[in-house]
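J.: If you scroll down you'll find the structure; I have some questions about it.
The values are calculated or read from the model by the stated rules, or taken from the named source; none is laboratory data. Source: prediction; values computed, not measured. Cβ sites come from the backbone with ideal geometry, for glycine too, and all protein chains shown count toward neighbours.
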Amino acid sequence: MGRALIVDDAVTVRMYHRQILEGAGFEVDEAENGVEALERALVVPYDLLLVDVNMPKMDGYTFLKEVRSTPELRAIPAIMISTEAERRDREQAYRAGANLYLVKPVRPEALALRATLMTARGESR
């Protein structure tokens, strides 16, 4: 299917999302924060980014802004996932560069379907 990077500071959330994406056929890497994720993304070609909002060192919004301003990364589709459910949170995610915003907890089948569709449509590089 492709290679995905899960960016979240919570180990249990990363494990949950890894299980879903691997079940959908993705190879999965993980990062604990935006700084680590950016370093990985500059070295490894990803087909999908799954990004939390609230993280230490570099939050998800800042990470996505960096991704979108980096020519070799800007085309990677990104799903932002957060516990924040307000309209302003969703709008901020899209302004930062998210292709899709989902609220935790995400149903496994919904995440697998969205991830698969985003990479199959050629939204990845």
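J.: Can you name the number of the only condition in (1) touching a helix residue (DSSP H, G or I) at 6+ places or on another chain (Cβ under 9 Å); (2) over 22 Å from GLN92 (Cα atoms) that MET58 fails?
T.: (2)
J.: Given the criteria under 22 Å from MET15 (Cα atoms) and assigned to a loop (DSSP other than H, G, I, E, B), does PRO71 qualify?
T.: Spelling it out, it is not the case that PRO71 is under 22 Å from MET15 (Cα atoms) and assigned to a loop (DSSP other than H, G, I, E, B).
J.: Looking at the stretch 103-125, which of the residues that are touching a helix residue (DSSP H, G or I) at 6+ places or on another chain (Cβ under 9 Å) and either basic (Lys, Arg) or not in a helix (DSSP H, G or I) (or both) is modelled with the lowest pLDDT?
T.: Ranking the candidates gives SER124 first.
J.: Continuing with the same structure: When ARG90 is evaluated against the numbered criteria (1) charged (D, E, K, R); (2) in contact with a strand residue (DSSP E or B) (Cβ under 9 Å, 6 or more places away or on another chain); (3) modelled with pLDDT of 95 or more; (4) farther than 20 Å from MET1 by Cβ, which criterion, by number, is the only one it fails?
T.: Against the list (1) charged (D, E, K, R); (2) in contact with a strand residue (DSSP E or B) (Cβ under 9 Å, 6 or more places away or on another chain); (3) modelled with pLDDT of 95 or more; (4) farther than 20 Å from MET1 by Cβ, ARG90 comes up short only on (3).
J.: Next question. Any chance you could count how many residues in the stretch 29-57 are aliphatic (A, V, I, L, M), crowded, with 18+ Cβ neighbours inside 10 Å, without any contact (Cβ under 8 Å) to a residue 40 or more places away in the chain and not in a helix (DSSP H, G or I)?
T.: Adding up the residues that qualify gives 1.
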